[in-house]
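Values in this text are rule-based calculations from the coordinates and carry no lab data. This is a predicted model, so every value here is computed, not measured. Every residue, glycine as well, gets a Cβ built from its backbone with ideal geometry; the counts of neighbours run over all protein chains shown.
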Amino acid sequence: MHCLDIHAQESIDMNPTTRPCMLLLAALLSFSLTACAPEIGSDKWCANLKQKPKGDWTFNEAADYAKHCILK
């Protein structure tokens, strides 16, 4: 372990606001990534799923694709 690694770890452990800030950042990042996904059944969602290899589809995706994209 390098001296810099030890000092970096100590500074993180001593700061009481680091953990809540990191959790907030992680939550915002995950929310922003899921907010970009098209709505299930939309034309964009159907087009995206059509391009995805069918072997990678989940059971729910296949059911939603049949319901919203084929049986419209």
Practice item. Using packing as a proxy for protection, rank 55-66, 38-49 so that the peptide with the highest average count of other Cβ atoms within 10 Å comes first. Key: 38-49, 55-66
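How much length is gained on full extension from Leu29 to Lys54, taking 0.36 nm per residue of separation minus their Cα-Cα distance? Each step should come with its number before you reach the end.
Details: separation 25, 0.36 × 25 = 9.00 nm, distance 2.82 nm.
That works out to 6.2 nm of additional length.
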Review point. With each label point set 7 Å from Cα along the Cα-Cβ vector, what nm distance links Ser42 and Ile70?
Key: 2.4 nm
